[in-house]
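The values are calculated or read from the model by the stated rules, or taken from the named source; none is laboratory data. In this text the structure is predicted, and so the values were computed from the model without any measurement. So basically every Cβ, Gly included, is an ideal-geometry build from the backbone, and we count neighbours across all protein chains shown. Side chains included, ligands, DNA and RNA excluded: accessible areas come from the protein's heavy atoms. Shrake-Rupley method; radii C 1.70, N 1.55, O 1.52, S 1.80 Å.
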Amino acid sequence: EHCHFIDSPQQAKLFQREMINTFLRYTDPSLRQHTVLTIGIVGGGATGVELAAELFDASRLLNAYGVTALDHQQISVHILEAAPRLLPGLSERISQTVQQELETMGVTVHIGTAIKEAHANQLVTADGDTIETDLNVWAAGIKAPEFLTKLGLSTNKKNQINVEKTLQSVDDPSIFALGDCASCPQGEDGTVPPRAQAAHQQAKLLAKNINHLLEGKALNEFHYRDHGSLVSLARYDAVGNLMRSSASRGLFLEGWFARQCYASLYRMHQVSIHGVPKTGLTWLVDKINRYLRPRMKLH
Ligand SMILES: Cc1cc2nc3c(=O)[nH]c(=O)nc-3n(C[C@H](O)[C@H](O)[C@H](O)COP(=O)(O)OP(=O)(O)OC[C@H]3O[C@@H](n4cnc5c(N)ncnc54)[C@H](O)[C@@H]3O)c2cc1C
C-alpha cells in the first residue's frame with residue numbers, strides 16, 4: 001500500500017499526479033519532509049530502469065516549467081535491485097552499459113539489495129538498512145489477476161494458469177491460455193517470460209492450434225524466439241540487442257541508432273494493433289504535438 005505501480009495507464013497517471021504534487025510540495029521549504037526529494041524504484045528490470053531515466057529527465061525539466069525553488073540536484077532517484085546486476089533478464093553487456101549510463105546521469109543504483117518492507121517514507125532492505133523516500137514505485141514484477149486462481153484450473157504463485165507447450169491448460173485441454181496470464185514451460189525448468197513478443201508469438205500459434213483441435217489434427221508446441229530487447233533511457237540513450245537467435249547473441253545497439261530502432265518498434269506495435277493508416281496518422285499527430293504540447297504534462 002505504500003508503493004505506486006505503473007502496470008496500467010490508470011496507475012501510471014496516478015503516479016504522475018502524485019509525483020507532480022510531491023515536486024510542488026518541495027517548492028515550499030516548510031512542507032519538505034527531507035532536504036532532498038528521493039524517489040525509490042524497487043526493481044531494476046526494464047520498467048524500473050526506463051522509469052529512472054524518465055524521472056531524471058523530468059527533474060531536469062522542472063526549472064523550465066517555473067519550478068525554480070526546486071533544483072534538480074535536490075531530487076534523487078534510487079533503483080533497488082535484488083539480483084547481482086540490473087536487467088537480470090538481459091545480457092551482461094547491456095546491463096553494464098545501462099548501469100554506467102544511469103550512474104552518469106546521477107541515478108543511485110543499489111544491486112544485490114532486496115526490499116522486504118515499504119513504508120510511506122521509507123524502504124527497508126533485507127539486511128535491515130533503511131532508505132528515506134518521498135515516493136516509492138514497485139517495478140519488481142507483477143502478478144496475473146487474482147480471479148484466475150478461482151477458475152478451477154491449476155495456477156502458479158503468480159496466479160498464471162499452468163499450460164502445456166501447446167498452450168492448453170494442464171487440467172482441461174479445451175481451455176487455452178497465452179501471454180502474461182499463462183505459465184508455459186520452456187527449456188529444462190524455465191517458463192516463457194511475460195513479454196510482448198512472447199504473447200505475440202503465442203497468439204499466432206494459438207490461432208493455428210485452435211483450428212488443429214477443431215480439425216482433429218495434432219497440436220503444435222510453442223517455442224519462444226527471443227528476437228532481442230531494447231531499453232530506452234529517456235532522450236539520452238537506448239541500449240539493447242536485436243536480431244537475436246538461438247545461434248547468435250544478436251547485434252549490440254546503443255545511441256542514436258538504438259533510439260531510432262526503439263521508436264520504430266513502438267510504431268510496429270501500433271501497426272499490429274491499429275493498422276497502417278491509423279498508425280500513420282498517429283505518427284503525424286505525435287510529430288505536430290512535439291511542437292504544440294509541453295514535454296512534461298503538469299495536469
Ligand atoms: C510498464 C510496462 C512496460 C513493459 N515494457 C515491455 C517492453 O518494452 N517489451 C516487452 O516485450 N514487454 C513489455 N512489457 C510486458 C508486456 O506489456 C506484456 O508482456 C504483454 O502486454 C502481455 O500481453 P497480454 O496480451 O498477455 O496481456 P496484456 O497486454 O496485459 O492484455 C491483457 C488485457 O486483458 C484485459 N483484461 C484483464 N482482465 C480482464 C477481464 N477479467 N476481462 C476482460 N479483459 C480483461 C486487460 O485490461 C488488458 O487489456 C511491459 C509491461 C509493463 C507493465
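Quick rundown of the values:
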item	result
Failed item in (1) open to solvent by 60 Å² or more (accessible area, probe 1.4 Å); (2) touching a helix residue (DSSP H, G or I) at 6+ places or on another chain (Cβ under 9 Å); (3) among the acidic types (Asp, Glu), with GLU132 passing the rest	(2)
Scan of the stretch 191-231 for residues that are in a loop (DSSP other than H, G, I, E, B) and within 13 Å of the ligand (Cβ to nearest atom), ordered by number	VAL192, PRO193, PRO194, ARG195, TYR224, ARG225, ASP226, HIS227
Matching residues, the stretch 264-279, being surrounded by 13 or more Cβ atoms within 10 Å (Cβ to Cβ) and either farther than 16 Å from HIS200 by Cβ or among the polar types (S, T, N, Q) (or both)	GLN270, THR279
Residues being in contact with a Ser or Thr (Cβ under 9 Å, 6 or more places away or on another chain) and open to solvent by 40 Å² or more (accessible area, probe 1.4 Å) - total across the stretch 243-259	5
Test: residue in the stretch 55-65 that is of a type in the set (Phe, Trp, Tyr), touching a Ser or Thr at 6+ places or on another chain (Cβ under 9 Å) and either under 19 Å from ALA234 (Cβ atoms) or at pLDDT below 95 (or both)	no
Lone qualifier among ILE111, ILE6, ILE39 - being farther than 19 Å from GLY240 by Cβ and touching a His at 6+ places or on another chain (Cβ under 8 Å)	ILE39
Residues that are assigned to a loop (DSSP other than H, G, I, E, B), away from the ligand (no atom under 16 Å from the Cβ) and open to solvent by 40 Å² or more (accessible area, probe 1.4 Å), drawn from the stretch 1-35	GLU1, HIS2, THR27, ASP28, ARG32, GLN33, HIS34, THR35
Residue within the stretch 52-62 that is part of a loop (DSSP other than H, G, I, E, B) and within 16 Å of the ligand (Cβ to nearest atom) present	no
Residues of the stretch 176-190 satisfying the condition of being open to solvent by 50 Å² or more (accessible area, probe 1.4 Å), outside any helix (DSSP H, G or I) and touching a residue at least 12 places away in the same chain (Cβ under 8 Å)	LEU178, GLN186
